[in-house]
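Enquirer: A single structure is presented below for examination.
The values are calculated or read from the model by the stated rules, or taken from the named source; none is laboratory data. On a predicted model such as this, the values are computed, not experimentally measured, just so you know. Positions of Cβ are generated from backbone atoms using ideal geometry, with glycine treated the same way; all protein chains shown enter the neighbour counts. Only protein heavy atoms, including side chains, enter the accessible area calculation; ligands, DNA and RNA are left aside. Shrake-Rupley method; radii C 1.70, N 1.55, O 1.52, S 1.80 Å.
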Amino acid sequence: MGNCLKSCQVSANDHQAQLETNTNVLGTDVDAINDAGGRDKQGISEDAEVYKQDIGALAAREKAEITQPQQQQQQQDEAIIADSTNKQLAQFEKTTEMCVTVIEDAAVRGIERIDDGTDAHMRDLDKHATKKMAEISQSQQQVDDGFRKDLKKILLQHHLNSNSTLFPGPFFHGSVSLEYFYVPPRLSEVLNKMNREKNGPEEEETRPITSLEQLLTPDDTTNQLTIITANAGVGKSSFCKFVSVLWCALHGQKTDTISKFAKSFDIQFDSLKNIPYLLYIPLRDIPTGRTHSIEDIIFAHLEIVIGYQDDDRKNLERIFMDERCLVILDGMDESSLSTLKSPKAKRKYSILITCRPWKLAETELPKYKH
């Protein structure tokens, strides 16, 4: 029994060993099969990848063969479209240039017509303006002529009424006619002052006046005034009135009066004929605040004796610029005048001033003839 069990045990062990051997062999076969299967799978994958690449290349070639004609056709279409567009643009530009040319030509013609119309209108306006200016000028000239004629008439009457008489003195009753009573003085021009002896008194060098024109128009054109000086009572105011009456006689064509004065006066006075206006102004009658300017003095005097207003001033200024006028300012020593401004430019009046010697030394004056 025991041997039988032992034999059975040995047989079982052998069978177990054979089973393990077969199992090992089977495992080896499985591994071999797995290895073979892996290798086959890798080969299949590689073949598949190669086939895929071949199919991709074939597809790319097919696609290129299909796409290339399309691209060429597209390029041709784009070229046709671009060419058509360029032609349309060229035609549009040409049409635009033609339109611009037409518009410019029309604008030029329109501007020319406007210019022609403007020029014609301007010529009409110029003619109208010239005509109006001529009418205004003529009207103004008529006003000026009337004003000048009236002024001269008023001055002639004023001098005959106010400046043609003298008061000889206390032994005479009332005034007497200057024409029958007055004896003109002898006048001399003061050339300069000099000292004949050292520290001695100044002496004056003089020369006789032979014509009234020497008083009215000095040889030295820088002299704007003529000053007549003499002591009180010598006859400065009487001489001024005499010149006024003489002017009235020359412009009123009073030949008898002219003949009388020509016999008593050894100075040529024909130059007064060329002076349309004479103003004799006693400075004592001029308000204090209006004695610093020649023309202020003139207008103040005309306001007093004639009644002129500010509106007449422009007419008087035109007279002073156009025609000669003699302005006599008598008695500077009887006024508050301490400074006299230079006459305005472009004035044709001559200025004659009388005063006593002491006043001349105290008064600031423009350059003058003495």
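Enquirer: Packing-wise, with mean Cβ within 10 Å as the measure, how do 322-335, 238-251 rank, highest first? The partial results should precede the final answer.
Expert: Working: 322-335: 20.5, 238-251: 22.1.
Order by mean packing, descending: 238-251, 322-335.
Enquirer: Here's another thing I want to ask about it. Could you sort out which of K152/K260; K260/K341; K131/K273 sit more than 30 Å apart by Cα distance in this structure?
Expert: Working: K152/K260 23 Å; K260/K341 38 Å; K131/K273 36 Å.
Long pairs (Cα-Cα over 30 Å): K260/K341; K131/K273.
Enquirer: For the residue pair Q138 and W358, what label-to-label distance in nm results when each label sits 7 Å from Cα along the Cα-to-beta-carbon direction?
Expert: Between Q138 and W358, the simple spin-label model gives 6.2 nm.
Enquirer: Between the alpha-carbon centers of segment 65-130 and segment 288-331, tell me the distance in whole angstrom.
Expert: So the separation of the two Cα centres works out to 73 Å.
Enquirer: Now a separate question. Got a number for carbon plus sulfur as a percent of segment 264-306's accessible area, 1.4 Å probe? Numbers along the way, then the final one.
Expert: Numbers: 740 of 1700 Å².
In segment 264-306, the share of accessible area belonging to carbon and sulfur is 44 percent.
Enquirer: Once the piece of chain linking I81 and S45 is laid out straight, how much longer is it, given 0.36 nm per residue of separation minus the C-alpha distance between them?
Expert: Details: separation 36, 0.36 × 36 = 12.96 nm, distance 5.10 nm.
Length gained between I81 and S45: 7.9 nm.
Enquirer: Multiply the residue separation of D312 and E334 by 0.36 nm, subtract the distance between their alpha-carbon atoms, and state the gained length in nm to one decimal. Provide the component values of the computation, followed by the final result.
Expert: Numbers: separation 22, 0.36 × 22 = 7.92 nm, distance 2.80 nm.
Gain on stretching D312 to E334: 5.1 nm.
Enquirer: While we're looking at this one, here's another question. Would you please put 260-266, 49-55 in order of how densely packed they are, using the mean number of other Cβ atoms within 10 angstrom per residue and starting with the highest?
Expert: On the way: 260-266: 13.6, 49-55: 10.0.
With the highest mean Cβ count within 10 Å placed first, the list reads 260-266, 49-55.
Enquirer: To continue, here is another question. Under Stokes-Einstein, with the Kirkwood radius over Cα pairs standing in for Rh, what whole-number D in µm²/s applies to segment 278-370 at 10 °C and 1.306 mPa s?
Expert: Working: Rh = 13.6 Å.
D, rounded to a whole number, is 117 µm²/s.
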